[in-house]
Amino acid sequence: MELPDIGDGSKADGLAASLSDGPPRYLRTYDAALFLRLSARTMEKHRCCGTGPVCRKLGGRAVYALSDLEHWANRGIVSSTSDSTMGARPERSVREMNDHGLQNDNNSHGGP
């Protein structure tokens with residue numbers, strides 16, 4: 001599917017413009033990544049780690065609502081790069097930390 005070029009000529013701008021009218025739409029991984037200007041592989045990684053936008057499974061495929069993509073992207077809003085914020089990427093879960101051999105503060109005391 002060829003997307004229309006508008007704005008700065010990028011396909012992502014065309015995708016956003018074509019989806020702004022009408023009922024809520026669901027985007028497949030490639031189109032969601034294009035909308036967020038990420039790679040499809042990055043979207044897949046976020047989905048597997050639970051750090052990405054909310055997705056739905058329709059017919060065995062992961063799809064994303066446009067409003068969920070915008071909400072997730074807005075979590076990363078900062079006023080400077082030195083701001084202390086989780087942004088669009090939450091802290092690692094205890095399971096992830098254990099999987100990577102890391103410890104959180106609750107497990108670092110070494111006692112029983």
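Rule-based calculations on the coordinates, nothing more; no lab input. Since this is a predicted model, take the numbers as computed values, not measurements. Note: ideal-geometry Cβ built from the backbone for every residue, glycine included; neighbour counts use all protein chains shown.
Could you compute the net charge surrounding Cys55? Neighbours are other residues with a C-beta less than 12 Å from the C-beta of Cys55; K and R count +1, D and E count -1.
Working: positive: Arg28, Arg47, Arg56, Lys57, Arg61; negative: Glu44, Asp68.
Net of charged neighbours comes to +3.
How large is the convex hull of the Cα atoms of segment 25-74 per residue, expressed in Å³ as a whole number? Write out the running numbers ahead of the final one.
Working: hull volume 3.3 nm³, N = 50.
Cα convex hull per residue, to the nearest whole number: 65 Å³.
Once phi is turned into ³J(HN,Hα) by the Karplus curve 6.51 cos²θ - 1.76 cosθ + 1.60 with θ = phi - 60°, what whole-Hz value does each residue of segment 49-65 show in order, with x for glycine and proline?
The phi angles translate into 7, x, 9, x, x, 4, 10, 10, 9, 10, x, x, 10, 7, 10, 10, 7 Hz.
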